[in-house]
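Right, one structure below, let's go through it.
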Amino acid sequence: MSTAETTAESGKETELSPQFHVAHHFDSADTQFDAGRMGIWLFLVTEVLLFGGLFCAFAIFRSWYFDSFVEAHHHLDKVMGGINTVVLISSSLTMALAVRSAQQSKKELTAILLAITLACAFAFLCIKYVEYSHKFHEGLLPGKYFSAEGFHTKHPGVFFAIYFMMTGIHGVHVVIGMCLITWILRRTMRGEFSSRYYAPVEGVGLYWHLVDLIWIYLFPLLYLVG
Amino acid sequence: MSAASHAHDDHDDHAHGGHGKDHVPHVLPLAVYLGTFATLLFLTAITVGASYVNFGAWNLILAMVIATVKAATVALIFMHLWFDHKFHSIIIGSSVLFLTIFITFTMFDTENRGRAEAIEGEKPADIRNPFKASERQADMMRNMGPISSATADVARPSPPAPASAAATASAAPVPSATVAPSASVSAAPSGSTSATPAPSASVAPSASASAKKP
């Protein structure tokens, strides 16, 4: 790379992300990026910890009340769950592409992709709402609130307790993710991100992918296998 | 230096751009993202399809294997873990490792609850002296008359006589007695002539039994 090219490139790039600077305690922009990314990964570990407890509870109660779990999981709608899986995977794709276009300093494309991601998240919650209202209507509720009749096993309420707790906390993560995506969408439209600086887009993207990852496990465990 | 050409070199080393230089993003080709998306949709279709077929106990294992492949695909490509510092893989990998330990060891507990209680109901333990015979066993022994403590159930902690003999034999440091099968083979021909204490009899019970014959 010649010096002429370097000056031309840096001259062009100072126009990108004008508010961005490397904090004085970081050696370089790369170091700053890596430190931020490592922080996000450590945060994702705590998320694994949070959901890990729930997965452990699922494992225990499934082995104790296997018959109830098998009977109860047939009352979940595989089609709705499957559609939600596709919706969430699509949102993961658009999120990953949004990070990619932010890396390429394509402001408009990033904004559009983030908006699609947001729409997918909203669609996910709408489908979840339809599912939840069906369950409420039929009395398929957690623990002692379980009031549905015609069950042949003793503990379907335990299954629905775990179902609502796991999908509920996952749904809260979707809502938080929507808030974060809205935040970086606004910042994208203000022109804050570019190939020089896109760390918040990448961080929110990593979080959003984790939300997708957890659903990848929740869907077969709750809807398919029971 | 375009971003696209950069995508193919120095995957492991992200130390491009020294002091004061700008961060150069690592941009993957669009086809990689679309291919990943297609893979995920395909695996979702497979796992849904497989749920309509009953594989018995394999239902759960199959679903979890497919889910793990999907999760790994998302983590490696969408989350850039494959192209990232290996330390980030170690961070998230260790969380998965410890989650596995957490669930496995909890299942060791919850799957075996109620097994000890039945045995303890039969033979209540004296907490102050757990290896002493319980009152009921002591009564039984008194009723049955004098018996040697070696044959009674009381002596469970100490192993039976032949086993202890084998244990002492194996405790002797014999260099040739490292591999059990060869030790038993060598013990069979030589046991009758030379070695009555059978120094080569190590762990295999058959070896110690054959050695005791002469």
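Worth a mention:
- Neighbouring partner chain Cβ atoms per residue of A:213-222, average, 10 Å criterion: 5
- Only Cα pairs under 8 Å and 6+ residues apart enter the sum, and on that basis the relative contact order of chain A stands at 34 percent.
- Cα gyration tensor shape for segment B:46-107, rounded if a/c is under 1.5, else prolate or oblate: oblate
- Chymotrypsin sites (Phe, Trp or Tyr not before Pro) restricted to segment B:30-66 and DSSP loop, no more than 12 other C-beta within 10 Å: B:TYR52, B:PHE55
- Which of B:HIS85, A:HIS209, A:HIS24, B:HIS80 has the fewest Cβ neighbours within 10 Å, and the rest in rising order: A:HIS24, B:HIS85, B:HIS80, A:HIS209
- Structural descriptor for segment A:48-147: relative contact order 22 percent, calculated from alpha carbon pairs under 8 angstrom and at least 6 residues apart.
- Selection from A:SER63, A:HIS21, A:PHE33, by position along the positive dipole direction of segment A:10-66 (Cβ): A:SER63
- Here is the list for segment A:139-202: GluC sites (Glu not before Pro) lying in DSSP coil, each with at most 15 other C-beta atoms within 10 angstrom of its C-beta, are A:GLU149.
- Net charge in the neighbourhood of A:LEU88 (other residues with Cβ under 12 Å of its Cβ; Lys, Arg +1, Asp, Glu -1) is +1.
- The residues neighbouring B:ARG115, those whose beta-carbon lies less than 15 Å from its own, together hold a net charge of -3 under the Lys/Arg +1, Asp/Glu -1 convention.
- Pairwise Cα inverse-distance average, inverted: Kirkwood Rh of segment A:105-185 (Å): 14.7
- Three-way shape label, segment A:26-165, alpha-carbon gyration tensor, a/c 1.5: oblate
- Net charge, A:LEU185 excluded, C-beta distance under 15 Å - Lys, Arg +1, Asp, Glu -1: +2
- Taking trypsin sites (Lys or Arg not before Pro) in DSSP loop conformation with at most 13 other Cβ atoms inside 10 Å as exposed sites, chain A has its longest uninterrupted site-free stretch at A:1-153.
- Taking the helices alone, chain A has a mean residue ellipticity at 222 nm of -26000 deg cm²/dmol, built from -39,500 (n - 2.57) per DSSP H run of at least 4 residues and averaged over all its residues.
- Charged-residue dipole, Cβ positions (Lys, Arg, Asp, Glu), segment A:29-225 about Cα centre, Debye nearest 20: 440
Taken together, the values in this text are just the output of simple stated rules run on the coordinates, not laboratory data. All values derive from a computational prediction rather than experimental measurement. Using ideal geometry, Cβ is built from the backbone for each residue, glycine included, and neighbour counts are taken over all protein chains shown.
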